[in-house]
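The structure appears below as structure tokens.
The values are calculated or read from the model by the stated rules, or taken from the named source; none is laboratory data. In this text the structure is predicted, and so the values were computed from the model without any measurement. We place every Cβ from the backbone using ideal geometry, glycine too, and count neighbours over all the protein chains shown. These area figures cover heavy atoms from the full protein model, side chains too; ligands, DNA and RNA do not enter into them. Shrake-Rupley method; radii C 1.70, N 1.55, O 1.52, S 1.80 Å.
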Amino acid sequence: MPESTTRVIPRLDLRGRRPGLRELRAALPRAEFDVEAALAAVRPVVEDVRDRGAAALHDAAERFDGIRPPALRVPAEVLASALDHLDPAVRAGLEESIRRARLVHEDQRRTDGRTEVVDGGVVTERWVPVDRVGLYVPGGRAVYPSSVVMNVVPAQAAGVASLAVASPPQRDHGGWPHPTVLAACALLGVEEVHAVGGAQAVAAFAYGYEEDGTVCEPVSLVTGPGNIYVTAAKRLLKGVVGIDAEAGPTEIAVLADATADPEHVAADLVSQAEHDPLAAAVLVTDSPELAAAVEDALVRRVAATKHTERVAEALAGRQSAVVLVDDVEVGLDVVNAYGAEHLEIHTADASTVAAGVRNAGAVFVGTWAPVSLGDYCAGSNHVLPTGGCAAHSSGLSVQSFLRGIHVVEYSQDALRDVGGHVVTLARAEDLPAHGEAVLARVPEVEPGA
């Protein structure tokens, strides 16, 4: 078997067998991401915000971000100034990202469905946006104006009336969030932005706060990615407020055969590894030659990339691996068991192979659709399920901000026709008062009729 000169990523050899789902889930690499352990650190922060409001948020900013913001609510003039001073090329890129995201997300709008169950009995499903959402934009190792776009655009397309964005205060920018984040908010018409980060931002959205007469009202839903403490706060406050998902470290999986370009595959693995030392990069292939070529390319690319140490740590971690399989069919089993946030398909007839994918946050088909395209300008959303949650959850979309409400309209005759069944079923469940509520309206019905 060909070997690379130096290996910067572990190997997992699954050739010679076709493991079942249980074995695959146990064997496949995954980042350690203990949200339960983080809850102990997050709980007092959340409770402090609940009890002391703005004062607690300022104290948390000083403790975690190293600066007390001039105010928690970013003034309109600061937003305007950020947009005025935005690099024209960055503005053009953001505007194109917004345009493409709007095209995709506006096509996701739901229409009400009306079903005539019987003559005189109608059930309508109305799709209603949540009243108010809090959109979180992280601000740690990188700047994420793209996350502003990915959160705000589907919320606006859904018709959410009240939007608020929170992003951490920055020591290098006078205690306000990063100016590129603020500029993205201004481009999207978002007027309510808060200089609050981390778990305390989730708490601020959940409970609201007041500072010098300015009120941040509680929200119905919090969306957006963040670190383990943001995720822990979401778990802690779920029920007080709705959440999109408990996002973990970012992931890329690549399913490739001998037709793949090893330089493309290596470049894409590095592109996601630069997010975080816990970022996962997984190559699944039936070609030992490709595996060796990708490993060689990784050695060169890791040494040359800006965030060398971060990328090297991510690739060498237990969450990353080159996985060898017997054929692409088994490879599909592997990637479906893994349920990657981002899945690239680099195989002959990639579209056909992609049609066999059941579990992935987003699928990128063929040579010309790298994950980084989806991060910015494909039109798709990059807020996606991680940690295998793609097996049961979807990425952020217009649907994330909508609720289906059933509206039931029955005439007297329609109720009379089915009332006997309602009474019978109510009595079968030992809930006779349910039946009495029907008999009070149509006393002539016979149970079972």
- Item | Scan of the stretch 72-85 for residues that are of a type outside the set (D, E, K, R) and either within 27 Å of the chain's Cα centre (by Cα) or assigned to a helix (DSSP H, G or I) (or both), ordered by number | L72, V74, A76, V78, L79, A80, S81, A82, L83
- Item | Among (1) out of contact with any Leu (no Cβ under 8 Å at 6 or more places or on another chain); (2) under 24 Å from L396 (Cβ atoms), the one test that V118 misses | (2)
- Mind listing just one residue for me: the one in the stretch 81-109 that is modelled with pLDDT of 95 or more and of a type in the set (K, R) and, of those, most open to solvent (accessible area, probe 1.4 Å)? R99
- The residue from A256, A321, A297 that alone is surrounded by 20 or more Cβ atoms within 10 Å (Cβ to Cβ), free of Cβ contacts under 8 Å to residues at least 40 places away in the same chain and more than 21 Å from the chain's Cα centre (by Cα) is A297
- Query: Looking at T305, is it β-branched (V, I, T) and open to solvent by less than 50 Å² (accessible area, probe 1.4 Å)?
  - Reply: yes
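Any residue that is in a helix (DSSP H, G or I), at pLDDT 95 or above and open to solvent by less than 10 Å² (accessible area, probe 1.4 Å) - is there at least one of those in the stretch 341-354? Talk me through it step by step, then tell me what you get.
Narrowing the stretch 341-354 to residues in a helix (DSSP H, G or I): 350-354.
Now restrict to residues that are at pLDDT 95 or above: 350-354.
So of that shortlist, the ones also open to solvent by less than 10 Å² (accessible area, probe 1.4 Å) come out as none.
Scanning the stretch 341-354, I find no residue that is in a helix (DSSP H, G or I), at pLDDT 95 or above and open to solvent by less than 10 Å² (accessible area, probe 1.4 Å), so the answer is no.
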- Query: All but one of (1) crowded, with 18+ Cβ neighbours inside 10 Å; (2) within 28 Å of G140 (Cα to Cα); (3) at pLDDT 95 or above hold for H275; which doesn't?
  - Reply: (3)
- Look through the stretch 380-426, keep the residues that are under 18 Å from H105 (Cα atoms) and without any contact (Cβ under 8 Å) to a residue 40 or more places away in the chain, and return whichever of them is farthest from the chain's Cα centre (by Cα). S394
- Task: Look at the stretch 377-422 and say how many of its residues are in a helix (DSSP H, G or I) and either touching a His at 6+ places or on another chain (Cβ under 8 Å) or of a type in the set (S, T, N, Q) (or both).
- Result: 5
- Any idea how many residues of the stretch 343-362 are touching a His at 6+ places or on another chain (Cβ under 9 Å), closer than 22 Å to D244 by Cβ and of a type outside the set (A, V, I, L, M, F, W, C)? 2
- Message: Being assigned to a loop (DSSP other than H, G, I, E, B) and under 21 Å from the mean Cα position of the chain (by Cα) is the filter here; which residues of the stretch 178-207 pass it?
- Response: L188, V190, V196, G197
- Item | Failed condition for G374, given (1) in a helix (DSSP H, G or I); (2) more than 23 Å from A101 (Cα to Cα); (3) open to solvent by less than 10 Å² (accessible area, probe 1.4 Å) | (2)
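Condition check ((1) of a type in the set (D, E); (2) open to solvent by less than 90 Å² (accessible area, probe 1.4 Å); (3) under 24 Å from G248 (Cβ atoms); (4) free of Cβ contacts under 8 Å to residues at least 12 places away in the same chain) across all residues:
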| position | (1), (2), (3), (4) |
| --- | --- |
| V8 | no, yes, yes, no |
| D13 | yes, yes, no, no |
| L24 | no, yes, yes, no |
| A31 | no, yes, yes, no |
| V42 | no, yes, yes, no |
| V49 | no, yes, yes, no |
| G53 | no, yes, no, no |
| H58 | no, yes, no, no |
| L72 | no, yes, no, no |
- Log entry, pairs with first residue in the stretch 435-449 being closer than 9 Å to G419 by Cβ, second being among the hydrophobic types (A, V, I, L, M, F, W, C) and open to solvent by 50 Å² or more (accessible area, probe 1.4 Å), beta carbons closer than 8 Å, six or more apart or on different chains, reads G435/V422; V438/V422
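With respect to N359, is the statement that it is open to solvent by 20 Å² or more (accessible area, probe 1.4 Å) and closer than 21 Å to P225 by Cα true?
When the stated conditions are applied, N359 passes them.
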- Item | Filtered residues of the stretch 121-160 (kept if assigned to a loop (DSSP other than H, G, I, E, B), open to solvent by 30 Å² or more (accessible area, probe 1.4 Å) and over 17 Å from V241 (Cα atoms)) | G140, R141, A142, V143, Y144, G159
